[in-house]
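Chemist: Sending over a structure as structure tokens; questions will come in a sec.
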Amino acid sequence: MMKFITTTLAVLLSAFSLFTFAEQTTTISQQALLTLMATPANKTVILDVRTAEEFAEGHIEGAINISHKQINANLNKIIALKDQTVVVHCKSGRRALSAENDLRAAGFSDLRHLDGDMNAWQAADLPLIK
């Protein structure tokens, strides 16, 4: 009986944390990001949280690179951007989620997650800077 209660509680907590993430982070499609990038008054920040080596292999034009492990250590470099829209991405999404949590805790309120991350961007053959 105790095992059943523990398992049930673990499932409920997992479901709650997924629901919380879904409420706080809006996704943005590749097409919507391209449209924003083409807008002259665009102030959207594109934050690539992959490693420097991955970034050097190809990145979205105008992206800022700070590894997800270095977000907190580099907040002083980006804290002035906290009132702007920040689009976060990595290769597949796991590291971006971690970075979004750190940014949210630091007061960033308008966070977007690039739908499909870099894997989808590359699969769609969208432009990269190398």
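Rule-based calculations on the coordinates, nothing more; no lab input. In this text the structure is predicted, and so the values were computed from the model without any measurement. Quick reminder, even Gly has a Cβ in these numbers, built from the backbone with ideal geometry, and neighbours come from all protein chains shown.
Chemist: Please compute P(r) over all alpha-carbon pairs of the stretch 25-123, binned at 10 Å starting from zero, and give each bin as a whole-number percent.
Modeler: Calculated P(r), rounded to whole percents: 16, 55, 27, 1.
Chemist: Which of T27, T85 comes first, and how do the rest follow, when ranked by fewest Cβ neighbours within 10 Å?
Modeler: Going from sparsest to densest Cβ surroundings: T27, T85.
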